[in-house]
Amino acid sequence: MSFNLSLPELKDKPNYYSQKASLTQLKLDRPWYKNIHSQVLQEVPKKVEITFERWLKGDSNGEQRGLGVSPSRATANPKGKKSGRPRIKGIGQYKTFTFPQFKRHHFSGDRITLSKIGDVKVIAHRQIPDGFDIKTVSVTKKADGYYVTLSLDDKTVPVIKPDFDAENIVGIDVGLIDFFVTSDSERISAPKFLRKAECKLKSAQRKVSRRKKGSNRHKKAIKKLGKQHKKVANTRKDFHFKTAKLLLDKYDVVAVEKLNIKGLARTRLAKSVNDAGWGQFISILSNKAENAGLKLIAVNPNGTSQECSSCGHKVKKPLSKRTHNCPVCYTSLCRDLNAAINIKNRGAHGLKAQLMSS
């Protein structure tokens, strides 16, 4: 038997504007929608459209997702906007809502007024500087409570122009034993926050597994597990910020490898790679460097460990061999230090080419 199936054409393309227009009827069908601010509802289809655009436009090489492209062929988007197939969020998974417009006087001292919610007491990390306008307000539910994020705008803030010494450059080689080794032979040991917290996480996970699903005790166990994971994430992020500051206080240009971190996270070293958080660290380092007028430059990682930093001869060695010994120039030094020097040299070469072209 054979079936001839044909799908009817959509009369209206389901985009942000058509879905926003449908909210009027949805409010009649679902009266509880009236308890949600209209602009908060409108932000939901906007997020959906942005998510689908990021998924359908494909990676930097022009390939589209969902068309039979294997993960190994996919290349990382240079802007860091690579995303997977959008999924429907179930109850309790949609944890952030946004007010796209907000008036300054609705936030004063330790109180913030949210439409359809009312006055809410907040712990303000710092007061808003004079002259800044609040553009948007996002409320996010996390394991240890609710967080309010304000996006600010001030037309008088000048654009930071790059002001760095191209000669004050360092190369860093990230790793799992040492978090990174610099070309100046400085090392920072990998903190391994997840590994250190594994006992507590396993204990909290066992309690979740033993509780009856849907019960109050199950919900409490999930909340406790979430707090443990958030503590690990916060500690790791704090370490990344402090480490980035140490580098940028000392150097004007930092050269790093352009690693395929998502690819490495699919190997047997996945837990250690995710525990190190190289992607988050490089992102923080890049933002801090840009805000300070300094420079972060990414280089090709191929052969940085095998190539001799003194003569350029390729010395093949397994990952287990931690010392670089060159049979040509007789250079002998730590494998990671050799790689960091190569990264620095490639970064200096790439930076020189950029400056000449500009």
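What the table below lists for this structure:
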{"read-out": "Residue satisfying all of: in region 145-176; β-branched (Val, Ile, Thr), in contact (Cβ under 8 Å) with a residue 24 or more places away in the chain and surrounded by 11 or more Cβ atoms within 10 Å (Cβ to Cβ); nearest to Thr113 (Cα to Cα) among these", "value": "Val148"}
{"read-out": "Qualifying position, being part of a loop (DSSP other than H, G, I, E, B), without any contact (Cβ under 8 Å) to a residue 60 or more places away in the chain and open to solvent by less than 50 Å² (accessible area, probe 1.4 Å), among Gly303, Gly279", "value": "Gly303"}
{"read-out": "Tally of residues being of a type in the set (D, E, K, R) and surrounded by 13 or more Cβ atoms within 10 Å (Cβ to Cβ) across region 306-335", "value": "3"}
{"read-out": "Where Ser286 falls short, out of the listed (1) touching a helix residue (DSSP H, G or I) at 6+ places or on another chain (Cβ under 6 Å); (2) under 13 Å from Leu247 (Cβ atoms); (3) of a type outside the set (D, E, K, R); (4) open to solvent by 30 Å² or more (accessible area, probe 1.4 Å)", "value": "(1)"}
{"read-out": "Candidate set: region 233-273, residues that are open to solvent by less than 50 Å² (accessible area, probe 1.4 Å) and among the β-branched types (Val, Ile, Thr); chosen: the one farthest from the chain's Cα centre (by Cα)", "value": "Val253"}
{"read-out": "Residue tally, condition closer than 30 Å to Pro191 by Cβ and surrounded by fewer than 15 Cβ atoms within 10 Å (Cβ to Cβ), over region 208-221", "value": "2"}
{"read-out": "Residue list for region 99-144, filter: part of a loop (DSSP other than H, G, I, E, B) and surrounded by 13 or more Cβ atoms within 10 Å (Cβ to Cβ)", "value": "Pro100, Phe102, Ser115, Ile117, Val122, Ala124, Ile128, Phe132, Ala143"}
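The values are calculated or read from the model by the stated rules, or taken from the named source; none is laboratory data. Only a predicted model underlies this, so the values are computations on that prediction, with no experimental measurement involved. Please note: Cβ atoms are built from the backbone with ideal geometry, for glycine as well, and neighbour counts cover all protein chains shown. Side chains are part of the model used for accessible areas, which takes the heavy atoms of the whole protein and leaves out ligands, DNA and RNA. Shrake-Rupley method; radii C 1.70, N 1.55, O 1.52, S 1.80 Å.
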